[in-house]
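To start, the structure under review is shown below, and the notes come after it.
The values are calculated or read from the model by the stated rules, or taken from the named source; none is laboratory data. Keep in mind it's a predicted model, so treat the numbers as computed, not measured. All Cβ positions, even for glycine, are placed from backbone atoms using ideal geometry, and neighbour counts span all protein chains on display. Calculation scope for accessible area: heavy atoms of the full protein, side chains included, ligands and nucleic acids excluded. Shrake-Rupley method; radii C 1.70, N 1.55, O 1.52, S 1.80 Å.
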Amino acid sequence: MTQQVEWHEHFPLPPHGNMMQPGPNDQENFVRIGNEISGNIHAALSRHIDGQLSSLRILEFGCGIGRLVMPLQFQHQYPSDAVDVSGWCISWLNRNVPNVNFKKTENDPPLPFEDNSFDAIYSVSVWTHLPFDRQVPWLQEIHRILKPGGLALISTSGYRALKYRREERKQPEWVNVSDDDLRREGMMYSSVDIRNHDGVEGEYGYVAHDPDYVMREWSAVFDVVEQIPAGIGRMQDLNVLRKRTD
């Protein structure tokens, strides 16, 4: 009986950097997290889109070194396109992962795509780091390149992630931030030093979003059709948005 090949056996695993963090279980963690989060994304897309996802034009916004691209492309034949600000990530992916249109992009809009280009877009761990002044412009840019009726799946850091920062990682900027603080503010941000993060320019940090804030504020751009607390890797919230057809 032929043993089934897994995605991490089919594709070479990347060198250290970006989502491949050095350590004794580096490859194991990369594969485990890739499996879990790609499963979260696929389940949400399948729940809201009828038909074969492989036949649609789907973009990953902020693909990094391909922790989600590789399992999704191997198992489900999407995404069709992926972008990131890291030149070395995009270069490595172009050499090692066929059938995906990879492009390096800038830190600010626009993206190199026409209006109404994509049936769906997903983005994990991007809005969790964007400073306030980049949040809405990028949301509007995702809206521009989505087809009417298209879906955007965007992760945010809500109360589970806030607890992790406060109580488990004990990050100095977050250790005294309560759930009530986040409810009152709606969105909170702390800057970090990102000089070693390839491709990132300007302000960058950690963001927390109250789900009610997302529902209220992002509804000005999209219909918010579902919010899944800790729906990404049992840590980040998943917001399912739809571009209006009118």
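Under 8 Å between Cβ atoms, at least 6 apart or on separate chains: pull out the pairs that start in region 82-106 with a residue that is more than 26 Å from G202 (Cβ to Cβ) and at pLDDT 95 or above and end on any residue that is polar (S, T, N, Q) and in a helix (DSSP H, G or I).
Listed by first residue and then by second, the contacts come to V97/Q73; N99/Q73; V100/Q73.
Among (1) among the acidic types (D, E); (2) open to solvent by 40 Å² or more (accessible area, probe 1.4 Å); (3) under 20 Å from the mean Cα position of the chain (by Cα), which single condition is D180 missing?
It fails just one condition, (3).
Are there strands (runs of 3 or more DSSP E) fully within region 68-167 with at least 2 residues that are of a type in the set (A, V, I, L, M)? List them. Step through it out loud before you land on a result.
Working: elements: 81-84, 101-104, 118-123, 146-156.
Fully inside region 68-167 and qualifying: 81-84, 118-123, 146-156.
Just to verify a result, which residue in region 73-88, among those that are more than 20 Å from P110 (Cβ to Cβ) and in contact with a strand residue (DSSP E or B) (Cβ under 8 Å, 6 or more places away or on another chain), is surrounded by the most Cβ atoms within 10 Å (Cβ to Cβ)? Steps first, please.
Step one: list which residues in region 73-88 are more than 20 Å from P110 (Cβ to Cβ), which gives 73-78, 88.
Now narrow it down to the ones that are in contact with a strand residue (DSSP E or B) (Cβ under 8 Å, 6 or more places away or on another chain): 78, 88.
Values: Y78: 26, W88: 16.
Applying the filter and picking the extreme gives Y78.
If you take the residues in region 48-62 that are charged (D, E, K, R) and under 18 Å from the mean Cα position of the chain (by Cα), which one is least open to solvent (accessible area, probe 1.4 Å)? Show your work before the answer.
Step one: filter region 48-62 for residues charged (D, E, K, R), giving 50, 57, 60.
Filter once more, keeping what is under 18 Å from the mean Cα position of the chain (by Cα): 57, 60.
On the way: R57: 83, E60: 2 Å².
Result: E60.
Do we have L13 as open to solvent by less than 50 Å² (accessible area, probe 1.4 Å) and not in a helix (DSSP H, G or I) here? Before the answer, list the steps.
Details: open to solvent by less than 50 Å² (accessible area, probe 1.4 Å): yes; not in a helix (DSSP H, G or I): yes.
Spelling it out, L13 is indeed open to solvent by less than 50 Å² (accessible area, probe 1.4 Å) and not in a helix (DSSP H, G or I).
Residues being open to solvent by 50 Å² or more (accessible area, probe 1.4 Å) and more than 17 Å from E141 (Cβ to Cβ): count how many of those fall in region 207-221.
Counting residues in region 207-221 that are open to solvent by 50 Å² or more (accessible area, probe 1.4 Å) and more than 17 Å from E141 (Cβ to Cβ) gives 3.
If I ask for residues that are open to solvent by less than 40 Å² (accessible area, probe 1.4 Å) and farther than 19 Å from L151 by Cα, which ones from region 89-127 would you list?
Passing the criteria: C89, I90, W92, L93, V97, V100, F102, T105, N107.
Can you work out which of the residues in region 29-45 that are in contact with a helix residue (DSSP H, G or I) (Cβ under 7 Å, 6 or more places away or on another chain) and polar (S, T, N, Q) is surrounded by the most Cβ atoms within 10 Å (Cβ to Cβ)?
S38
Of all residues in region 63-85, how many are touching a Phe, Trp or Tyr at 6+ places or on another chain (Cβ under 9 Å) and farther than 19 Å from K243 by Cβ?
Here is the first cut: in region 63-85, the ones touching a Phe, Trp or Tyr at 6+ places or on another chain (Cβ under 9 Å) are 63, 65-75, 79-84.
So of that shortlist, the ones also farther than 19 Å from K243 by Cβ come out as 63, 65-75, 82, 84.
Count: 14.
Taking Y159, is it in contact with a Gly (Cβ under 6 Å, 6 or more places away or on another chain), under 23 Å from V214 (Cβ atoms) and not hydrophobic (A, V, I, L, M, F, W, C)?
Working: in contact with a Gly (Cβ under 6 Å, 6 or more places away or on another chain): no; under 23 Å from V214 (Cβ atoms): yes; not hydrophobic (A, V, I, L, M, F, W, C): yes.
Spelling it out, it is not the case that Y159 is in contact with a Gly (Cβ under 6 Å, 6 or more places away or on another chain), under 23 Å from V214 (Cβ atoms) and not hydrophobic (A, V, I, L, M, F, W, C).
Do we find that G202 is modelled with pLDDT under 95 and either open to solvent by 20 Å² or more (accessible area, probe 1.4 Å) or in contact with a helix residue (DSSP H, G or I) (Cβ under 6 Å, 6 or more places away or on another chain) (or both) in this structure? Before you say what the answer is, go through the steps one by one.
Numbers: modelled with pLDDT under 95: yes; either open to solvent by 20 Å² or more (accessible area, probe 1.4 Å) or in contact with a helix residue (DSSP H, G or I) (Cβ under 6 Å, 6 or more places away or on another chain) (or both): yes.
Against the criterion (modelled with pLDDT under 95 and either open to solvent by 20 Å² or more (accessible area, probe 1.4 Å) or in contact with a helix residue (DSSP H, G or I) (Cβ under 6 Å, 6 or more places away or on another chain) (or both)), G202 qualifies.
Of the conditions (1) part of a loop (DSSP other than H, G, I, E, B); (2) within 14 Å of the chain's Cα centre (by Cα), I37 fails just one. Which one is it?
Of the numbered conditions (1) part of a loop (DSSP other than H, G, I, E, B); (2) within 14 Å of the chain's Cα centre (by Cα), the odd one out for I37 is (1).
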